[in-house]
1. With respect to the numbered conditions (1) surrounded by 12 or more Cβ atoms within 10 Å (Cβ to Cβ); (2) at pLDDT below 95; (3) assigned to a helix (DSSP H, G or I); (4) of a type outside the set (A, V, I, L, M), which one is the sole condition not fulfilled by THR46?
2. With the checklist (1) more than 29 Å from the chain's Cα centre (by Cα); (2) on the phi > 0 side of the Ramachandran plot in hand, flag the one item LEU230 doesn't pass.
3. Based on what the data block shows, is TRP256 crowded, with 23+ Cβ neighbours inside 10 Å and of a type outside the set (Gly, Ala, Ser)?
4. Going by what's in this entry, would VAL497 be described as under 19 Å from PRO396 (Cβ atoms) and within 14 Å of the ligand (Cβ to nearest atom)?
5. Working only within the range 401-411, note down all residues that are within 12 Å of the ligand (Cβ to nearest atom) and either touching a Lys or Arg at 6+ places or on another chain (Cβ under 7 Å) or not charged (D, E, K, R) (or both).
6. Mind checking whether some residue in the range 524-541 is surrounded by fewer than 16 Cβ atoms within 10 Å (Cβ to Cβ) and outside any loop (DSSP other than H, G, I, E, B)?
7. Looking only at the range 99-141, which residues are open to solvent by 50 Å² or more (accessible area, probe 1.4 Å) and more than 16 Å from the ligand (Cβ to nearest atom)?
8. For the range 55-75, give me each residue that is open to solvent by 10 Å² or more (accessible area, probe 1.4 Å), touching a strand residue (DSSP E or B) at 6+ places or on another chain (Cβ under 7 Å) and more than 19 Å from THR198 (Cβ to Cβ).
Amino acid sequence: MASREHRQADPVSPWQHPGLTPSRQPTPFRTTMERMMNGAESLVRTLVHNQVDICFTNPGTSEMHFVAALDKVPGIRCVLGLFEGVVTGAADGYYRIADRPAATLLHLGPGLANGLANLHNARKAGSGIVNIVGEHAGYHIAYDAPLTSDIEGIARPMSHWVQTSRSALDVAQDGARAITEARTAPGRIATLILPADTAWNTGGAVCTAAPPPQRAACDDDALEAAARALEALAPQAGRCALLLGGIGTRNPALEWAGRISARTGCAVLSEYNVPRTERGAGRVRARRVPYAVDPALAMLAEFDTLILVGSRVPVAFFAYPNKPSVLIRPDTRVIDLARVDQDIPAALEALAERLKARDLAPAGVAQASASLSLSALPTGKPDPLGIGQVLAAVLPEHAIVVDESVSTGRGFEAPTAGAQPHDWLNVMGGAIGFGLPSGVGAAIAAPDRPVIVLEGDGSGMYTEQALWTMARESLNVKVVVFANRAYQILKGELSQVGAGTPGERARDMLTLDRPHLDWVSLARGHGVPGRRVDTLEGFAQALAEALATPGPVLIEVLM
Ligand SMILES: Cc1ncc(C[n+]2csc(CCOP(=O)(O)OP(=O)(O)O)c2C)c(N)n1
(Lines give C-alpha, C1' and ligand atoms only; values in the text may rest on other atoms or scores of the structure.)
Protein backbone atom coordinates (compact mmCIF):
# COMPACT_ATOMS: atom_id res chain seq x y z
CA MET A 1 0.00 0.00 0.00
CA ALA A 2 2.78 2.39 1.01
CA SER A 3 4.50 2.02 -2.36
CA ARG A 4 1.41 2.97 -4.27
CA GLU A 5 1.63 6.20 -6.19
CA HIS A 6 -0.09 9.17 -4.58
CA ARG A 7 -1.85 10.78 -7.48
CA GLN A 8 -3.28 14.27 -7.09
CA ALA A 9 -6.62 14.43 -8.87
CA ASP A 10 -6.01 17.77 -10.50
CA PRO A 11 -2.81 17.39 -12.46
CA VAL A 12 -3.80 19.43 -15.50
CA SER A 13 -3.98 23.14 -16.00
CA PRO A 14 -7.35 24.59 -15.05
CA TRP A 15 -7.38 26.37 -18.40
CA GLN A 16 -7.33 23.34 -20.67
CA HIS A 17 -8.81 20.18 -19.34
CA PRO A 18 -8.47 17.39 -21.88
CA GLY A 19 -11.72 15.74 -20.77
CA LEU A 20 -13.88 18.73 -21.56
CA THR A 21 -15.58 19.28 -24.88
CA PRO A 22 -15.26 22.83 -26.19
CA SER A 23 -18.76 23.72 -25.03
CA ARG A 24 -17.87 22.50 -21.54
CA GLN A 25 -14.67 24.47 -21.32
CA PRO A 26 -14.98 27.12 -18.66
CA THR A 27 -14.78 30.63 -19.91
CA PRO A 28 -11.09 31.62 -20.28
CA PHE A 29 -11.75 35.20 -19.23
CA ARG A 30 -11.66 35.00 -15.49
CA THR A 31 -11.35 37.49 -12.74
CA THR A 32 -8.54 37.11 -10.23
CA MET A 33 -11.07 35.96 -7.68
CA GLU A 34 -12.24 33.16 -9.95
CA ARG A 35 -8.69 32.07 -10.65
CA MET A 36 -8.14 31.68 -6.91
CA MET A 37 -11.45 29.97 -6.30
CA ASN A 38 -11.41 26.39 -5.14
CA GLY A 39 -13.89 23.78 -6.33
CA ALA A 40 -16.07 24.04 -3.22
CA GLU A 41 -16.42 27.77 -3.58
CA SER A 42 -17.16 27.47 -7.29
CA LEU A 43 -19.96 25.06 -6.41
CA VAL A 44 -21.46 27.31 -3.74
CA ARG A 45 -21.24 30.31 -6.06
CA THR A 46 -22.84 28.26 -8.83
CA LEU A 47 -25.69 27.28 -6.50
CA VAL A 48 -26.35 30.89 -5.52
CA HIS A 49 -25.95 32.12 -9.11
CA ASN A 50 -28.69 29.68 -10.12
CA GLN A 51 -31.07 30.59 -7.25
CA VAL A 52 -30.36 27.49 -5.18
CA ASP A 53 -29.99 29.52 -2.04
CA ILE A 54 -30.85 27.06 0.73
CA CYS A 55 -28.55 24.28 1.81
CA PHE A 56 -29.62 21.73 4.40
CA THR A 57 -26.47 20.21 5.82
CA ASN A 58 -24.91 17.62 8.04
CA PRO A 59 -21.21 17.81 7.20
CA GLY A 60 -18.02 15.99 8.14
CA THR A 61 -14.29 16.35 7.48
CA SER A 62 -14.52 15.69 3.75
CA GLU A 63 -17.00 18.57 3.36
CA MET A 64 -15.01 21.16 5.33
CA HIS A 65 -14.02 23.16 2.26
CA PHE A 66 -17.67 23.33 1.22
CA VAL A 67 -18.54 24.49 4.75
CA ALA A 68 -15.78 27.12 4.60
CA ALA A 69 -17.07 28.27 1.22
CA LEU A 70 -20.52 28.82 2.75
CA ASP A 71 -18.91 31.51 4.87
CA LYS A 72 -17.32 33.23 1.92
CA VAL A 73 -20.30 33.35 -0.40
CA PRO A 74 -23.18 35.64 0.48
CA GLY A 75 -26.74 34.73 -0.45
CA ILE A 76 -27.01 31.14 0.73
CA ARG A 77 -28.84 30.11 3.88
CA CYS A 78 -27.41 27.06 5.59
CA VAL A 79 -29.55 24.99 7.90
CA LEU A 80 -28.06 22.28 10.07
CA GLY A 81 -29.95 19.05 10.64
CA LEU A 82 -28.74 16.74 13.39
CA PHE A 83 -29.53 13.63 11.39
CA GLU A 84 -29.38 13.19 7.64
CA GLY A 85 -33.03 12.14 7.43
CA VAL A 86 -33.82 15.66 8.64
CA VAL A 87 -31.65 17.12 5.88
CA THR A 88 -33.23 15.17 3.00
CA GLY A 89 -36.77 15.44 4.39
CA ALA A 90 -36.38 19.20 4.76
CA ALA A 91 -35.24 19.45 1.16
CA ASP A 92 -38.39 17.54 0.11
CA GLY A 93 -40.71 19.85 2.08
CA TYR A 94 -38.86 22.88 0.76
CA TYR A 95 -39.30 21.89 -2.89
CA ARG A 96 -43.00 21.19 -2.50
CA ILE A 97 -43.67 24.71 -1.30
CA ALA A 98 -40.93 26.73 -3.04
CA ASP A 99 -41.24 24.88 -6.39
CA ARG A 100 -37.47 25.00 -6.69
CA PRO A 101 -34.73 22.78 -5.39
CA ALA A 102 -32.65 23.19 -2.27
CA ALA A 103 -29.19 21.70 -1.91
CA THR A 104 -28.16 19.23 0.74
CA LEU A 105 -24.71 18.47 2.11
CA LEU A 106 -24.14 14.94 3.39
CA HIS A 107 -21.11 13.13 4.73
CA LEU A 108 -19.87 10.32 2.46
CA GLY A 109 -21.70 7.01 2.07
CA PRO A 110 -22.91 6.60 5.67
CA GLY A 111 -24.30 10.16 5.80
CA LEU A 112 -26.08 9.59 2.52
CA ALA A 113 -27.35 6.23 3.74
CA ASN A 114 -28.87 7.89 6.82
CA GLY A 115 -30.72 10.26 4.51
CA LEU A 116 -31.96 7.67 2.04
CA ALA A 117 -35.47 7.00 3.39
CA ASN A 118 -36.47 10.63 3.00
CA LEU A 119 -34.61 10.83 -0.30
CA HIS A 120 -36.82 7.94 -1.38
CA ASN A 121 -39.91 9.88 -0.26
CA ALA A 122 -38.69 12.95 -2.15
CA ARG A 123 -38.06 10.90 -5.27
CA LYS A 124 -41.59 9.50 -5.14
CA ALA A 125 -42.90 13.03 -4.58
CA GLY A 126 -41.09 14.39 -7.62
CA SER A 127 -39.24 16.85 -5.40
CA GLY A 128 -36.10 18.21 -6.99
CA ILE A 129 -33.00 18.11 -4.78
CA VAL A 130 -29.37 18.99 -5.49
CA ASN A 131 -28.03 16.28 -3.23
CA ILE A 132 -24.36 16.95 -2.54
CA VAL A 133 -22.35 14.19 -0.92
CA GLY A 134 -18.75 14.52 0.19
CA GLU A 135 -16.18 11.88 -0.72
CA HIS A 136 -12.57 11.18 0.14
CA ALA A 137 -9.92 12.82 -2.00
CA GLY A 138 -9.45 10.66 -5.09
CA TYR A 139 -5.98 9.43 -4.13
CA HIS A 140 -7.20 8.42 -0.64
CA ILE A 141 -9.88 6.00 -1.79
CA ALA A 142 -7.37 3.23 -2.54
CA TYR A 143 -6.51 2.98 1.17
CA ASP A 144 -10.00 1.90 2.13
CA ALA A 145 -10.13 4.25 5.12
CA PRO A 146 -13.01 3.68 7.57
CA LEU A 147 -15.55 5.90 5.81
CA THR A 148 -14.80 4.61 2.32
CA SER A 149 -17.80 3.10 0.54
CA ASP A 150 -19.42 2.87 -2.87
CA ILE A 151 -21.23 6.21 -2.71
CA GLU A 152 -22.50 6.03 -6.28
CA GLY A 153 -23.91 2.59 -5.52
CA ILE A 154 -25.66 3.86 -2.40
CA ALA A 155 -27.04 6.90 -4.23
CA ARG A 156 -28.27 5.29 -7.41
CA PRO A 157 -31.56 3.67 -6.33
CA MET A 158 -32.83 6.93 -4.82
CA SER A 159 -31.40 9.28 -7.44
CA HIS A 160 -32.34 10.09 -11.01
CA TRP A 161 -28.84 11.32 -11.74
CA VAL A 162 -25.51 10.56 -10.08
CA GLN A 163 -22.17 12.13 -10.90
CA THR A 164 -18.79 12.18 -9.16
CA SER A 165 -16.75 15.26 -9.96
CA ARG A 166 -13.33 14.47 -11.38
CA SER A 167 -11.50 17.71 -10.69
CA ALA A 168 -11.95 21.18 -9.26
CA LEU A 169 -12.36 22.34 -12.81
CA ASP A 170 -15.45 20.15 -13.25
CA VAL A 171 -17.22 20.89 -10.00
CA ALA A 172 -19.18 23.97 -11.00
CA GLN A 173 -20.25 22.47 -14.31
CA ASP A 174 -21.33 19.28 -12.58
CA GLY A 175 -23.18 21.43 -10.05
CA ALA A 176 -24.92 23.35 -12.83
CA ARG A 177 -25.90 20.07 -14.47
CA ALA A 178 -27.24 18.82 -11.12
CA ILE A 179 -29.36 21.96 -10.82
CA THR A 180 -30.83 21.44 -14.30
CA GLU A 181 -31.56 17.81 -13.43
CA ALA A 182 -33.18 18.72 -10.11
CA ARG A 183 -35.40 21.26 -11.87
CA THR A 184 -36.53 18.82 -14.55
CA ALA A 185 -40.25 18.11 -14.13
CA PRO A 186 -41.70 17.01 -11.91
CA GLY A 187 -38.47 17.40 -9.91
CA ARG A 188 -35.57 14.97 -9.77
CA ILE A 189 -32.96 13.81 -7.27
CA ALA A 190 -29.56 14.84 -8.60
CA THR A 191 -26.73 13.43 -6.49
CA LEU A 192 -23.40 15.17 -6.95
CA ILE A 193 -20.46 13.48 -5.23
CA LEU A 194 -17.69 15.85 -4.34
CA PRO A 195 -14.24 14.32 -3.62
CA ALA A 196 -12.40 16.43 -1.05
CA ASP A 197 -9.56 17.29 -3.42
CA THR A 198 -11.96 18.57 -6.07
CA ALA A 199 -13.29 20.84 -3.32
CA TRP A 200 -9.93 22.15 -2.12
CA ASN A 201 -8.04 22.40 -5.42
CA THR A 202 -8.29 25.70 -7.24
CA GLY A 203 -9.44 26.39 -10.76
CA GLY A 204 -13.20 26.51 -10.34
CA ALA A 205 -15.52 28.92 -12.12
CA VAL A 206 -19.15 29.88 -11.73
CA CYS A 207 -21.51 28.17 -14.19
CA THR A 208 -25.01 28.97 -15.37
CA ALA A 209 -27.35 25.98 -15.31
CA ALA A 210 -29.13 25.22 -18.56
CA PRO A 211 -32.89 25.61 -18.28
CA PRO A 212 -34.67 22.30 -17.75
CA PRO A 213 -36.73 20.88 -20.62
CA GLN A 214 -40.26 22.24 -20.78
CA ARG A 215 -43.02 19.93 -19.60
CA ALA A 216 -44.21 18.10 -22.72
CA ALA A 217 -47.73 18.66 -24.03
CA CYS A 218 -50.13 15.77 -23.71
CA ASP A 219 -50.66 13.46 -26.62
CA ASP A 220 -53.38 14.57 -29.12
CA ASP A 221 -54.84 11.08 -29.38
CA ALA A 222 -55.15 10.81 -25.61
CA LEU A 223 -56.84 14.22 -25.52
CA GLU A 224 -59.30 13.16 -28.21
CA ALA A 225 -59.99 9.87 -26.46
CA ALA A 226 -60.61 11.63 -23.14
CA ALA A 227 -62.91 14.19 -24.76
CA ARG A 228 -64.91 11.47 -26.54
CA ALA A 229 -65.24 9.41 -23.39
CA LEU A 230 -66.46 12.42 -21.43
CA GLU A 231 -68.89 13.51 -24.17
CA ALA A 232 -70.31 10.02 -24.48
CA LEU A 233 -70.75 9.69 -20.75
CA ALA A 234 -72.06 13.17 -20.11
CA PRO A 235 -75.67 12.08 -19.52
CA GLN A 236 -74.51 9.42 -17.06
CA ALA A 237 -72.89 11.67 -14.55
CA GLY A 238 -70.36 9.95 -12.37
CA ARG A 239 -69.41 7.00 -14.59
CA CYS A 240 -66.17 8.65 -15.55
CA ALA A 241 -63.50 10.10 -13.28
CA LEU A 242 -60.52 12.32 -13.69
CA LEU A 243 -57.80 10.98 -11.39
CA LEU A 244 -55.40 13.77 -10.47
CA GLY A 245 -51.82 13.42 -9.31
CA GLY A 246 -48.65 15.53 -9.33
CA ILE A 247 -49.44 19.20 -9.84
CA GLY A 248 -52.98 18.19 -10.87
CA THR A 249 -54.15 18.84 -7.32
CA ARG A 250 -53.06 22.46 -7.48
CA ASN A 251 -54.49 25.39 -9.32
CA PRO A 252 -54.94 26.05 -12.19
CA ALA A 253 -55.29 22.31 -12.88
CA LEU A 254 -57.95 21.84 -10.20
CA GLU A 255 -60.14 24.57 -11.65
CA TRP A 256 -59.93 23.12 -15.15
CA ALA A 257 -60.92 19.75 -13.70
CA GLY A 258 -63.86 21.45 -11.97
CA ARG A 259 -64.99 23.03 -15.26
CA ILE A 260 -64.79 19.69 -17.04
CA SER A 261 -66.84 18.21 -14.24
CA ALA A 262 -69.36 21.05 -14.55
CA ARG A 263 -69.80 20.22 -18.25
CA THR A 264 -69.83 16.42 -18.08
CA GLY A 265 -70.66 15.40 -14.52
CA CYS A 266 -67.45 13.41 -14.23
CA ALA A 267 -65.99 12.82 -10.78
CA VAL A 268 -62.78 14.53 -9.72
CA LEU A 269 -60.54 12.24 -7.67
CA SER A 270 -57.00 12.40 -6.45
CA GLU A 271 -54.49 9.69 -5.79
CA TYR A 272 -54.30 8.67 -2.13
CA ASN A 273 -50.96 10.45 -1.85
CA VAL A 274 -50.08 13.58 -3.74
CA PRO A 275 -47.15 15.87 -2.99
CA ARG A 276 -49.28 18.95 -2.40
CA THR A 277 -53.02 19.49 -2.53
CA GLU A 278 -54.53 22.96 -2.62
CA ARG A 279 -57.75 22.51 -0.73
CA GLY A 280 -60.26 24.16 1.56
CA ALA A 281 -63.15 26.55 1.02
CA GLY A 282 -63.47 27.93 -2.49
CA ARG A 283 -61.29 25.27 -4.09
CA VAL A 284 -62.36 22.37 -6.25
CA ARG A 285 -62.41 19.31 -4.06
CA ALA A 286 -60.70 16.20 -5.40
CA ARG A 287 -61.89 13.16 -3.46
CA ARG A 288 -58.96 11.01 -2.33
CA VAL A 289 -58.84 7.34 -3.28
CA PRO A 290 -58.83 5.65 0.16
CA TYR A 291 -55.75 3.88 1.57
CA ALA A 292 -57.55 0.69 2.54
CA VAL A 293 -58.17 -1.78 -0.26
CA ASP A 294 -61.88 -2.46 0.25
CA PRO A 295 -63.07 1.17 0.36
CA ALA A 296 -60.76 1.98 -2.56
CA LEU A 297 -62.20 -0.89 -4.61
CA ALA A 298 -65.73 0.25 -3.73
CA MET A 299 -65.02 3.84 -4.76
CA LEU A 300 -63.32 2.97 -8.03
CA ALA A 301 -65.85 0.31 -9.01
CA GLU A 302 -68.30 3.14 -9.77
CA PHE A 303 -66.31 4.23 -12.82
CA ASP A 304 -66.32 2.75 -16.31
CA THR A 305 -63.62 5.14 -17.46
CA LEU A 306 -60.67 6.56 -15.56
CA ILE A 307 -58.73 9.43 -17.08
CA LEU A 308 -55.25 9.63 -15.60
CA VAL A 309 -53.94 13.15 -15.22
CA GLY A 310 -50.49 13.13 -13.63
CA SER A 311 -51.48 9.90 -11.91
CA ARG A 312 -51.21 6.15 -12.31
CA VAL A 313 -53.72 3.34 -12.08
CA PRO A 314 -54.29 3.03 -8.31
CA VAL A 315 -52.67 0.04 -6.65
CA ALA A 316 -52.76 -1.21 -3.07
CA PHE A 317 -49.94 -0.06 -0.78
CA PHE A 318 -49.25 -3.73 0.00
CA ALA A 319 -50.35 -7.11 -1.24
CA TYR A 320 -52.94 -8.81 0.97
CA PRO A 321 -53.99 -12.45 0.65
CA ASN A 322 -57.09 -12.77 -1.55
CA LYS A 323 -57.19 -9.10 -2.44
CA PRO A 324 -56.24 -7.56 -5.76
CA SER A 325 -53.17 -5.38 -6.17
CA VAL A 326 -54.83 -3.20 -8.79
CA LEU A 327 -57.76 -1.25 -7.39
CA ILE A 328 -59.86 -0.66 -10.51
CA ARG A 329 -62.28 -3.12 -12.12
CA PRO A 330 -60.54 -5.22 -14.80
CA ASP A 331 -62.95 -3.84 -17.42
CA THR A 332 -62.39 -0.17 -16.55
CA ARG A 333 -61.22 1.82 -19.54
CA VAL A 334 -58.08 3.78 -18.71
CA ILE A 335 -57.07 6.84 -20.70
CA ASP A 336 -53.62 8.20 -19.92
CA LEU A 337 -54.07 11.90 -20.61
CA ALA A 338 -50.88 13.24 -19.00
CA ARG A 339 -47.96 11.72 -17.17
CA VAL A 340 -46.74 13.39 -14.00
CA ASP A 341 -43.88 15.07 -15.88
CA GLN A 342 -46.10 16.44 -18.63
CA ASP A 343 -47.94 19.75 -18.73
CA ILE A 344 -50.91 18.74 -16.57
CA PRO A 345 -52.71 22.12 -16.37
CA ALA A 346 -52.40 22.60 -20.14
CA ALA A 347 -53.77 19.10 -20.76
CA LEU A 348 -56.83 19.84 -18.62
CA GLU A 349 -57.25 23.26 -20.17
CA ALA A 350 -57.16 21.72 -23.65
CA LEU A 351 -59.71 19.13 -22.56
CA ALA A 352 -61.96 21.86 -21.13
CA GLU A 353 -61.60 23.80 -24.39
CA ARG A 354 -62.45 20.75 -26.44
CA LEU A 355 -65.56 20.18 -24.27
CA LYS A 356 -66.59 23.87 -24.45
CA ALA A 357 -66.25 24.10 -20.70
CA ARG A 358 -63.75 26.95 -20.64
CA ASP A 359 -66.20 29.56 -19.36
CA LEU A 360 -68.15 27.41 -16.94
CA ALA A 361 -67.94 27.85 -13.21
CA PRO A 362 -66.06 24.87 -11.74
CA ALA A 363 -68.22 22.19 -10.11
CA GLY A 364 -67.40 20.57 -6.80
CA VAL A 365 -66.09 23.67 -5.07
CA ALA A 366 -65.80 23.13 -1.31
CA GLN A 367 -68.06 25.35 0.74
CA ALA A 368 -66.73 27.05 3.85
CA SER A 369 -67.53 25.11 7.01
CA ALA A 370 -69.96 26.97 9.20
CA SER A 371 -67.63 29.02 11.36
CA LEU A 372 -67.62 27.63 14.86
CA SER A 373 -66.39 29.39 17.93
CA LEU A 374 -63.97 27.41 20.05
CA SER A 375 -66.69 26.87 22.64
CA ALA A 376 -68.99 25.25 20.06
CA LEU A 377 -66.45 22.63 19.00
CA PRO A 378 -66.68 18.95 19.97
CA THR A 379 -65.44 18.08 23.43
CA GLY A 380 -64.22 15.02 25.29
CA LYS A 381 -61.74 12.30 24.41
CA PRO A 382 -59.85 13.03 21.18
CA ASP A 383 -60.98 10.99 18.18
CA PRO A 384 -60.17 11.43 14.48
CA LEU A 385 -63.47 13.11 13.56
CA GLY A 386 -63.33 15.54 16.46
CA ILE A 387 -59.69 16.36 15.75
CA GLY A 388 -60.60 16.98 12.11
CA GLN A 389 -63.39 19.33 13.20
CA VAL A 390 -61.03 21.25 15.46
CA LEU A 391 -58.49 21.52 12.64
CA ALA A 392 -61.17 22.78 10.26
CA ALA A 393 -62.16 25.49 12.71
CA VAL A 394 -58.67 26.59 13.70
CA LEU A 395 -56.59 26.25 10.51
CA PRO A 396 -55.59 29.75 9.45
CA GLU A 397 -55.85 30.87 5.85
CA HIS A 398 -52.83 29.74 3.77
CA ALA A 399 -51.65 27.30 6.42
CA ILE A 400 -49.43 24.47 5.24
CA VAL A 401 -50.38 21.11 6.72
CA VAL A 402 -47.79 18.33 6.68
CA ASP A 403 -49.65 15.12 7.30
CA GLU A 404 -47.91 12.13 8.84
CA SER A 405 -50.71 11.34 11.22
CA VAL A 406 -51.05 7.78 9.86
CA SER A 407 -54.10 6.02 11.35
CA THR A 408 -55.37 9.06 13.29
CA GLY A 409 -55.49 11.12 10.11
CA ARG A 410 -57.67 8.74 8.14
CA GLY A 411 -60.71 10.71 9.22
CA PHE A 412 -59.42 14.22 8.48
CA GLU A 413 -60.33 14.58 4.81
CA ALA A 414 -64.06 15.18 5.09
CA PRO A 415 -64.16 17.47 8.15
CA THR A 416 -61.34 19.68 6.88
CA ALA A 417 -62.66 20.04 3.32
CA GLY A 418 -64.34 23.37 4.12
CA ALA A 419 -61.53 24.85 6.22
CA GLN A 420 -59.86 28.08 5.15
CA PRO A 421 -57.82 27.58 1.96
CA HIS A 422 -54.62 25.72 2.76
CA ASP A 423 -52.02 23.31 1.32
CA TRP A 424 -51.81 19.70 2.42
CA LEU A 425 -48.63 17.64 2.01
CA ASN A 426 -48.59 13.83 2.22
CA VAL A 427 -45.70 11.47 2.69
CA MET A 428 -45.22 10.06 -0.80
CA GLY A 429 -42.95 7.06 -0.51
CA GLY A 430 -44.50 5.46 2.57
CA ALA A 431 -41.27 5.80 4.58
CA ILE A 432 -42.19 7.30 7.93
CA GLY A 433 -40.04 10.03 9.44
CA PHE A 434 -41.00 12.53 6.76
CA GLY A 435 -43.29 14.83 8.71
CA LEU A 436 -41.07 16.81 11.09
CA PRO A 437 -38.21 17.36 8.59
CA SER A 438 -40.61 18.27 5.85
CA GLY A 439 -42.19 20.82 8.19
CA VAL A 440 -38.74 22.41 8.53
CA GLY A 441 -38.36 22.69 4.77
CA ALA A 442 -41.90 24.00 4.22
CA ALA A 443 -41.44 26.67 6.91
CA ILE A 444 -38.19 27.83 5.35
CA ALA A 445 -39.79 27.96 1.92
CA ALA A 446 -42.73 30.04 3.20
CA PRO A 447 -41.68 31.99 6.30
CA ASP A 448 -44.91 33.99 6.34
CA ARG A 449 -47.20 30.96 6.43
CA PRO A 450 -47.92 28.84 9.50
CA VAL A 451 -46.94 25.18 9.14
CA ILE A 452 -48.85 22.54 11.06
CA VAL A 453 -47.25 19.10 11.24
CA LEU A 454 -49.71 16.33 12.10
CA GLU A 455 -47.52 13.56 13.40
CA GLY A 456 -47.94 10.01 14.69
CA ASP A 457 -45.93 9.35 17.83
CA GLY A 458 -44.25 6.36 16.19
CA SER A 459 -43.39 8.22 12.97
CA GLY A 460 -42.20 11.27 14.86
CA MET A 461 -39.48 9.28 16.63
CA TYR A 462 -37.68 8.50 13.36
CA THR A 463 -36.52 12.09 12.86
CA GLU A 464 -37.36 13.92 16.06
CA GLN A 465 -34.06 15.85 15.75
CA ALA A 466 -35.96 18.13 13.35
CA LEU A 467 -37.43 19.79 16.45
CA TRP A 468 -33.98 21.19 17.24
CA THR A 469 -33.70 22.72 13.76
CA MET A 470 -37.15 24.27 14.20
CA ALA A 471 -36.00 25.84 17.47
CA ARG A 472 -32.64 26.97 16.16
CA GLU A 473 -34.13 28.58 13.07
CA SER A 474 -37.20 29.92 14.96
CA LEU A 475 -39.47 28.29 12.42
CA ASN A 476 -43.19 28.92 12.59
CA VAL A 477 -44.09 25.23 12.90
CA LYS A 478 -46.81 23.88 15.15
CA VAL A 479 -46.26 20.19 15.74
CA VAL A 480 -49.23 18.09 16.83
CA VAL A 481 -48.26 14.59 17.97
CA PHE A 482 -51.06 12.06 18.22
CA ALA A 483 -49.91 9.94 21.14
CA ASN A 484 -51.81 6.69 20.80
CA ARG A 485 -48.66 5.05 22.16
CA ALA A 486 -48.71 2.37 19.51
CA TYR A 487 -47.90 1.55 15.92
CA GLN A 488 -51.67 1.59 15.64
CA ILE A 489 -51.87 1.08 11.89
CA LEU A 490 -49.83 -2.10 12.11
CA LYS A 491 -52.34 -3.65 14.48
CA GLY A 492 -54.88 -3.43 11.65
CA GLU A 493 -52.35 -4.60 9.08
CA LEU A 494 -51.55 -7.67 11.16
CA SER A 495 -55.08 -8.93 10.78
CA GLN A 496 -55.42 -7.68 7.16
CA VAL A 497 -52.48 -9.80 6.00
CA GLY A 498 -53.98 -12.79 7.79
CA ALA A 499 -51.23 -13.05 10.42
CA GLY A 500 -53.77 -13.94 13.09
CA THR A 501 -54.40 -12.49 16.52
CA PRO A 502 -51.27 -11.00 18.08
CA GLY A 503 -49.84 -12.71 21.14
CA GLU A 504 -47.88 -10.93 23.81
CA ARG A 505 -44.60 -10.78 21.89
CA ALA A 506 -46.23 -9.62 18.68
CA ARG A 507 -48.18 -6.97 20.64
CA ASP A 508 -44.90 -5.76 22.12
CA MET A 509 -43.66 -5.02 18.61
CA LEU A 510 -46.64 -2.77 17.99
CA THR A 511 -46.91 -0.80 21.22
CA LEU A 512 -44.94 2.25 22.34
CA ASP A 513 -45.41 1.76 26.07
CA ARG A 514 -42.92 0.69 28.76
CA PRO A 515 -41.84 3.46 28.92
CA HIS A 516 -44.26 6.01 27.50
CA LEU A 517 -42.65 8.58 25.29
CA ASP A 518 -42.88 11.97 26.91
CA TRP A 519 -43.22 14.30 23.93
CA VAL A 520 -43.39 17.45 26.01
CA SER A 521 -40.00 16.63 27.52
CA LEU A 522 -38.60 15.55 24.16
CA ALA A 523 -39.70 18.86 22.67
CA ARG A 524 -38.26 20.83 25.57
CA GLY A 525 -34.99 18.95 25.26
CA HIS A 526 -34.78 20.09 21.64
CA GLY A 527 -35.61 23.68 22.55
CA VAL A 528 -39.30 23.63 21.59
CA PRO A 529 -41.99 24.51 24.15
CA GLY A 530 -44.51 21.72 24.52
CA ARG A 531 -47.85 21.06 26.07
CA ARG A 532 -49.95 17.92 26.61
CA VAL A 533 -53.72 17.79 26.16
CA ASP A 534 -56.14 14.92 26.58
CA THR A 535 -59.42 16.45 25.44
CA LEU A 536 -60.70 17.97 22.21
CA GLU A 537 -61.43 21.25 23.95
CA GLY A 538 -57.89 21.28 25.33
CA PHE A 539 -56.54 20.59 21.84
CA ALA A 540 -58.58 23.38 20.27
CA GLN A 541 -57.40 25.82 22.92
CA ALA A 542 -53.77 24.73 22.68
CA LEU A 543 -53.70 24.87 18.87
CA ALA A 544 -55.32 28.29 18.76
CA GLU A 545 -52.78 29.58 21.27
CA ALA A 546 -49.90 27.92 19.45
CA LEU A 547 -50.95 29.60 16.21
CA ALA A 548 -50.96 32.94 17.97
CA THR A 549 -47.41 32.32 19.27
CA PRO A 550 -44.43 32.86 16.99
CA GLY A 551 -41.91 30.06 16.57
CA PRO A 552 -42.21 26.32 17.05
CA VAL A 553 -44.59 24.77 19.53
CA LEU A 554 -45.44 21.10 20.14
CA ILE A 555 -48.79 19.78 21.33
CA GLU A 556 -48.98 16.17 22.47
CA VAL A 557 -52.54 14.92 22.09
CA LEU A 558 -53.11 11.89 24.29
CA MET A 559 -55.45 9.61 22.41
C1 LIG B 1 -39.03 3.81 7.25
C2 LIG B 1 -40.21 3.01 7.69
N3 LIG B 1 -40.08 2.10 8.69
C4 LIG B 1 -41.13 1.39 9.09
C5 LIG B 1 -42.35 1.53 8.50
C6 LIG B 1 -43.51 0.66 8.90
N7 LIG B 1 -44.55 1.43 9.57
C8 LIG B 1 -45.59 1.95 8.90
S9 LIG B 1 -46.63 2.78 9.85
C10 LIG B 1 -45.70 2.44 11.23
C11 LIG B 1 -46.14 2.91 12.56
C12 LIG B 1 -46.58 4.33 12.59
O13 LIG B 1 -46.87 4.65 13.91
P14 LIG B 1 -47.49 6.04 14.30
O15 LIG B 1 -46.76 7.12 13.60
O16 LIG B 1 -47.53 6.11 15.78
O17 LIG B 1 -48.93 6.03 13.70
P18 LIG B 1 -50.17 5.10 14.09
O19 LIG B 1 -49.98 3.84 13.32
O20 LIG B 1 -50.12 4.85 15.55
O21 LIG B 1 -51.35 5.85 13.65
C22 LIG B 1 -44.59 1.71 10.91
C23 LIG B 1 -43.55 1.27 11.88
C24 LIG B 1 -42.44 2.48 7.46
N25 LIG B 1 -43.58 2.70 6.81
N26 LIG B 1 -41.38 3.21 7.09
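The values are calculated or read from the model by the stated rules, or taken from the named source; none is laboratory data. It should be emphasised that the depicted structure is a prediction, and the values quoted were computed from it without experimental measurement. Here Cβ is always computed from backbone atoms with ideal geometry, including for glycine, and neighbour counts include all displayed protein chains. Accessible surface is based on the protein model in full, side chains and every heavy atom, while ligands, DNA and RNA are left aside. Shrake-Rupley method; radii C 1.70, N 1.55, O 1.52, S 1.80 Å.
1. (2)
2. Result: LEU230 passes all but (2).
3. yes
4. No; evaluated as a whole, the condition is false for this residue.
5. Result: SER405, VAL406, SER407, THR408, GLY409, GLY411.
6. To start, the set of residues in the range 524-541 that are surrounded by fewer than 16 Cβ atoms within 10 Å (Cβ to Cβ) comprises 524-525, 527, 529, 534.
So of that shortlist, the ones also outside any loop (DSSP other than H, G, I, E, B) come out as 524-525.
Scanning the range 524-541 turns up at least one residue that is surrounded by fewer than 16 Cβ atoms within 10 Å (Cβ to Cβ) and outside any loop (DSSP other than H, G, I, E, B).
7. Scanning the range 99-141 gives ASP99, ARG100, PRO110, TYR139, HIS140, ILE141.
8. Correct list: ASN58 only.
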